[in-house]
1. Once label points are set 7 Å from the Cα along Cα→Cβ at both residue 240 and residue 151, what is their separation, rounded to one decimal in nm?
2. With r as the distance between the Cβ atoms of residue 174 and residue 73 and R0 = 56 Å, compute the FRET efficiency 1/(1 + (r/R0)^6) and round to 0.05.
3. Compute the distance in nm between two label points, each set 7 Å from the Cα along the Cα-to-Cβ direction, one at residue 310 and one at residue 120.
4. For region 221-227, just list the computed ³J(HN,Hα) in residue order, Karplus coefficients 6.51, -1.76 and 1.60, θ = phi - 60°, integers in Hz, with x standing in for Gly and Pro.
5. Taking H as built 1.01 Å from N, whose amide H comes closer than 5 Å to the amide H of residue 210, not counting residues under 5 places away?
6. Please give, to one decimal in nm, the separation of the simple spin-label points placed at residue 203 and residue 257, each 7 Å out from Cα toward the Cβ.
7. Can you give the net charge of the other residues whose Cβ lies under 14 Å from the Cβ of residue 124, counting K and R as +1 and D and E as -1?
8. Please rank 272, 218, fewest neighbouring Cβ atoms within 10 Å first, as an exposure proxy.
Amino acid sequence: MLASFRNTKVMLRSAQQVRAATALTKPILASRLYSSPAPQSSPKPNQFTMGQSSGGGKKGGGRSNLIFGFHPFAIFASLTLLGSGYLMIVKPFLQWTDKQKEERDDKKAEVEGASYTAEQIAAFPFDKKTVVFVLGGPGSGKGTNSARLVSDFGFVHLSAGDLLREEQKRPVSQYGELIAHYIREGLIVPHEITIGLLRNAMMDHPESDRFLIDGFPRNLVQAKAFEDTVCKAKKVLYFECPESILLERLLDRGKTSGRSDDNIESIKKRFRTYVNDSKPVIDAFAEQGKVITISCQGTMDAVYKNTEEHMNKFFKEIGQEPTPSASASAGKKD
Ligand SMILES: Nc1ncnc2c1ncn2[C@@H]1O[C@H](COP(=O)(O)OP(=O)(O)OP(=O)(O)O)[C@@H](O)[C@H]1O
Ligand SMILES: O=c1ccn([C@@H]2O[C@H](COP(=O)(O)O)[C@@H](O)[C@H]2O)c(=O)[nH]1
């Protein structure tokens, strides 16, 4: 349809160009070809003449060979010129623009929908899954404890930060630079991107019923958007930690993590975002009675023991066996 529309446009353009080109070449050709004085007698009509003439004349034959007032050679030359112009310039240009569009659409589909169609997304039983959000300040131990919950309770661990970092690294991602900037500045990436990545990651594990969503939602808009379009969280694990300990742990992690945001400048910005945007999410879920608060102070084992006890209690409350029926991990820390 588009191609035929373009072809029609090209043909129309070609017709205009033929007229323009012949109009241009007419006086030149006339002066070259018809430079001899015009014959006194009327030319003999032949099959090409239309019976009228408008000046000039050809040696021995006059204007009897004109077609619509133009010399056949002028028409032939113009058509040849236009034909080769179309083949050499217009056609490759149209093919190039089509290819560019295809590539853009492919990239968009890769990020926005991955390999899932709207029908597959609509059919996925998100509301049957047990989703637990894992929240807390930067460096509070969300990733550390999530890793252990995976093996003990059969959760799939989805770290929003890790999914964003993976997306950022993908060479074809159209969001690579945007994500890199937001992470370095400690800002919250537009929620459509993060929710799209989380939803795809959940669909990558259709066999799993339990998902730990770590480091998400980071603000109230994200929380509402996720719960409206994907599913509601059954519980929120909140790792509570003073800023002085977070700072110490993050700077220590920064010696080996290679993360662009484990440096003092980015850490300060992340703390600000946490206080202004992320803490209100924890408060909002607390009002709904969904938050389990765990102090991050103490050894890793002590913090996890506390976490484990709470999770055992939670699964009893919702009438599920705490022991895993399926186990998987995705979006692991680098
Ligand atoms: N109880 C603990 N005691 C001492 N160090 C800990 C403890 N828990 C975690 N850590 C260390 O603190 C650092 C931050 O932990 P972790 O990466 O789990 O935090 P996070 O909340 O996932 O961070 P982020 O939000 O930046 O992804 C890591 O180096 C980890 O080894
Ligand atoms: O939902 C999210 C989660 C994370 N981000 C950005 O990523 C970094 C790092 O996140 P971690 O959880 O500490 O790995 C965070 O500072 C944000 O910039 C996000 O935008 N949205």
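1. Those two pseudo-labels are separated by 2.9 nm.
2. Details: r = 53 Å, r/R0 = 0.94.
Given R0 = 56 Å and the Cβ-Cβ separation, E is 0.60.
3. Taking the simple label geometry, residue 310 and residue 120 are separated by 3.5 nm.
4. 5, 4, 4, 5, 4, 5, 5
5. 130, 156
6. The two pseudo-label positions are separated by 3.0 nm.
7. On the way: positive: 128, 129, 199; negative: 119, 127, 204, 207, 209.
Surrounding charge for residue 124 is -2.
8. On the way: 272 12, 218 21.
If I rank by nearby Cβ atoms, fewest first, I get 272, 218.
Every read-out reported here was derived from the displayed coordinates using simple, explicitly stated rules and does not represent laboratory data. If you're wondering where the values come from, they're calculated on a predicted model, not measured in any experiment. Every residue, glycine among them, receives a Cβ derived from its backbone with ideal geometry; neighbour counts consider all protein chains shown.
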